[in-house]
Number of protein chains: 2
Amino acid sequence: MGGLMRRPTIMDIAKAAGVSKGAVSYALNGRPGVSEETRGRILAIARDLGWAPSSPARALSPGGRVGAIGLVVDRPAHSLGLEPFFMQLVSGIETELASSGVDLLLQVTEDMGAEIAAYRRWSAERRVDGVIMVDLRVDDPRVRVVEELSLPAVLLGGPEGTGSLPCLYTDDAGAMREVVHYLAALGHRRIVQVAGPEEFMHTRARVRAFLDAAEQAGLGEARSVYADYTGEAGTRTTRRLLAATDRPTALVYDNDLMAVAGLGVAHEMGVDVPSQLSIVAWDDSVLCRLVRPSLTAIVRDVVSYGRQAALMLGAAIGGGAVETREAPRGELYPRASTGPLGA
Amino acid sequence: MGGLMRRPTIMDIAKAAGVSKGAVSYALNGRPGVSEETRGRILAIARDLGWAPSSPARALSPGGRVGAIGLVVDRPAHSLGLEPFFMQLVSGIETELASSGVDLLLQVTEDMGAEIAAYRRWSAERRVDGVIMVDLRVDDPRVRVVEELSLPAVLLGGPEGTGSLPCLYTDDAGAMREVVHYLAALGHRRIVQVAGPEEFMHTRARVRAFLDAAEQAGLGEARSVYADYTGEAGTRTTRRLLAATDRPTALVYDNDLMAVAGLGVAHEMGVDVPSQLSIVAWDDSVLCRLVRPSLTAIVRDVVSYGRQAALMLGAAIGGGAVETREAPRGELYPRASTGPLGA
DNA sequence: GCCGTCTGCTTAACCGGTTCAGTTTTCTGT
DNA sequence: ACAGAAAACTGAACCGGTTAAGCAGACGGC
């Protein structure tokens, strides 16, 4: 119990076992070059001493990994807390990382310049082995940057505009078609999508699918308006839409936060949900289940999505060629916020 | 342009400048030992080469820092997304870290055993220089562990039961008294607190303050019931409370998530808010502002709270003696969910 | 003219691992 | 019993920084 223990090194193990540093290294890494008997002895000593490899030392060796990956979330801090998507994603990423002892570096930035600076710094300072990037944009400059840095990366989004990077994408168009058909079947004719920021690829995909599906269903007046995912934008946009003379009878929101805000506005303006207005939220969350009426939503398994992404990034870091994959698309979960008009 | 560049090292700079490694190190770290002229030349070369210090190499040096701190969030993944508190905290921590180039490692765990294992691993593998711990518990085993590991740490909570660790705390009792007086002044006599998990220190403090303040205000029937911060618990508890013959006329929830769930239940049971029931949420969030009626809440500047914690941890890592500090307490923001009975 | 000090730099050790090139030991075959 | 190969292990270099110790030359004092 005497004094504060220096953390044990392989040299301590080597001395205790009466062998050289090299032998200990071979033993601990399960590599040939040491007899099974010696290996057993070394492992036992390492366990007794409570040894764990020093991550910096490992990383320093030629070809060494730092054992960490990075995730930058580029959203205004105040709107962030509300998006369960990210925390679930993080949680999914970590369940995958846990088995391999890899850590996650999280950074929250206010703009894409800062996000790119983070990648540059992480790469230059050798702080991560790779990164997961979300919210793929049109002509996304981040793609160029990580390619130039030759920083292993996996993109969430696509599958277009991803350069040489592997990506994990979902069929947002398919899910959106399901939503539109569902609303058309309920008898809605004037439907509007409150979309995310126009520069996001997934916004584009959803908008295109929304308008196409609406046209095919004969819903001539369908249109999309862009917003920025914040509650304020949801409030403002909804107020404007509902104040129009020919107000829509159904609204499809690109995130849960705006949908909840929209529900609040409808309530405030005396528009009953769902008898006078149907509401659909894109990503589901506890939030959608908690508010009254509960919100019909597109449900995705975000946790597996994150896990899958981490798995792909691990492969990319390992040096393998990783191919783009499609994750299961979201499905529509009808709840209390949608229904036929006047019901 | 030719081929992929190896990342530059101080050796490359030394060669280009015609000096030794050591001189370069002195120059780059602003230490004496080189002439101002040489220093300038070395800095210029470093800039041209796009040099950045290798974090693992730095950490390996005797007395070297790894330049990262850790935060473990120990909450079930599905309930997590909804608590803006954590993302705001992270955001605050990072604004402070950004200036010193320190990174944040985030881990989400499902139980405290895993949380403790994370601290042990981080310390053993030298992955962090220190940690910030949240949700201080009664007889918190984590305190012992980080003390034993001599891992620099800052606690959010307390100020009791923190052992030798510095902590950053808020006067929850004061804020709670404000809530009770406010409700009493509105004429409420039967009030109930839907508290967080009993094992949390801040739950204890709030419950004690709630009951004491209620008694002083002559609200004999006040009581607290424990819940676990999830929406489900909020729903279940509220349903039970409102079904009683002498149902409470005001409810104080320990987080925003349960408060929103409670609001939904009231709506469902035909209990009007605020004319028949007043609702107060502890931590404010976009959520409280979005739902209808908007929720009266205790507002704290969580971002500064995180920044302050990061600052203290930086000092602790630097070796200084850091003393426990009090952060500004939360304040009551009345909104639409509270009012006099029958109004 | 000589000693001492200060400046500006170099040399080399060190941090804790990995790995390659040898060297010694053990095993195998005939 | 002995050569040759394979297995077990050692020693040293290396990764990219930091830092203590050493050393050459300039400068000042007396």
Point to revise | Looking only at region B:32-42, and only at residues there that are modelled with pLDDT of 90 or more and within 6 Å of DNA strand C (Cβ to nearest atom), the one that is nearest to B:R58 (Cα to Cα) | key: B:V34
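Residue-by-condition table, conditions (1) modelled with pLDDT of 95 or more; (2) away from DNA strand D (no atom under 16 Å from the Cβ); (3) open to solvent by 40 Å² or more (accessible area, probe 1.4 Å):
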{"residue": "B:A17", "(1), (2), (3)": "no, no, no"}
{"residue": "B:S20", "(1), (2), (3)": "no, no, yes"}
{"residue": "B:G30", "(1), (2), (3)": "no, no, yes"}
{"residue": "B:W51", "(1), (2), (3)": "yes, no, yes"}
{"residue": "B:S54", "(1), (2), (3)": "yes, no, no"}
{"residue": "B:L71", "(1), (2), (3)": "yes, yes, no"}
{"residue": "B:P76", "(1), (2), (3)": "no, yes, yes"}
{"residue": "B:M87", "(1), (2), (3)": "no, yes, no"}
{"residue": "B:A98", "(1), (2), (3)": "no, yes, yes"}
Practice item. Just give me the residues in region B:10-31 being near DNA strand C (Cβ under 6 Å from one of its atoms), outside any loop (DSSP other than H, G, I, E, B) and of a type in the set (G, A, S), in sequence order. Key: B:G22, B:A23
Point to revise | Single residue of A:A217, A:A233, A:A195 found to be outside the structural domain of A:D135 (by TED's automatic domain parsing), within 18 Å of A:V280 (Cβ to Cβ) and modelled with pLDDT of 95 or more | key: A:A195
Exercise for review: Could you check region A:75-194 for strands (runs of 3 or more DSSP E) lying wholly inside it with 1 or more residues that are within 9 Å of another protein chain (Cβ to nearest Cβ)?
Suggested key: A:103-109
Review point. What is the number of the single condition among (1) hydroxyl-bearing (S, T, Y); (2) open to solvent by 10 Å² or more (accessible area, probe 1.4 Å); (3) in contact (Cβ under 8 Å) with a residue 40 or more places away in the chain that A:Y119 does not meet?
Key: (2)
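The rows are residues; the columns are (1) open to solvent by 40 Å² or more (accessible area, probe 1.4 Å); (2) outside any strand (DSSP E or B); (3) more than 11 Å from chain B (Cβ to nearest Cβ).
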{"position": "A:V271", "(1), (2), (3)": "no, yes, yes"}
{"position": "A:P293", "(1), (2), (3)": "no, yes, no"}
{"position": "A:A297", "(1), (2), (3)": "no, no, yes"}
{"position": "A:A309", "(1), (2), (3)": "no, yes, yes"}
Exercise for review: Check off (1) within 10 Å of DNA strand C (Cβ to nearest atom); (2) under 42 Å from the mean Cα position of the chain (by Cα); (3) not in a helix (DSSP H, G or I) for B:R7 and give me the number that stays unchecked.
Suggested key: (1)
Practice item. Assess whether B:L257 counts as being more than 29 Å from A:E83 (Cβ to Cβ) and either in contact (Cβ under 8 Å) with a residue 24 or more places away in the chain or more than 28 Å from the chain's Cα centre (by Cα) (or both). Key: no
Practice item. Taking B:R223 as meeting all but one of (1) among the charged types (D, E, K, R); (2) free of Cβ contacts under 8 Å to residues at least 40 places away in the same chain; (3) within 14 Å of another protein chain (Cβ to nearest Cβ), write down the number of the exception. Key: (3)
Revision key, fill the gap. If we keep only residues of region B:273-291 that are over 18 Å from the mean Cα position of the chain (by Cα) and not aliphatic (A, V, I, L, M), then the residue surrounded by the fewest Cβ atoms within 10 Å (Cβ to Cβ) is B:S275
Review point. Across region A:273-291, which residue is farthest from B:V260 (Cα to Cα) among those that are assigned to a strand (DSSP E or B) and not hydrophobic (A, V, I, L, M, F, W, C)?
Key: A:S278
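What's the total number of residues in region A:319-343 that are surrounded by 12 or more Cβ atoms within 10 Å (Cβ to Cβ) and part of a loop (DSSP other than H, G, I, E, B)?
13
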Check your understanding: within 11 Å of DNA strand D (Cβ to nearest atom), among the basic types (K, R) and outside any strand (DSSP E or B): does that describe B:R47?
Key -> no
Practice item. Taking only region B:36-47 into account, find how many residues are open to solvent by 60 Å² or more (accessible area, probe 1.4 Å) and more than 14 Å from chain A (Cβ to nearest Cβ). Key: 4
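The values are calculated or read from the model by the stated rules, or taken from the named source; none is laboratory data. Given the structure is predicted, the values throughout are model-derived calculations rather than measurements. Note that each Cβ is placed from the backbone with ideal geometry, even for glycine, and that neighbours are counted across all protein chains shown. Just so you know, the surface numbers come from the protein's heavy atoms only, side chains and all, with ligands and any DNA or RNA stripped out. Shrake-Rupley method; radii C 1.70, N 1.55, O 1.52, S 1.80 Å.
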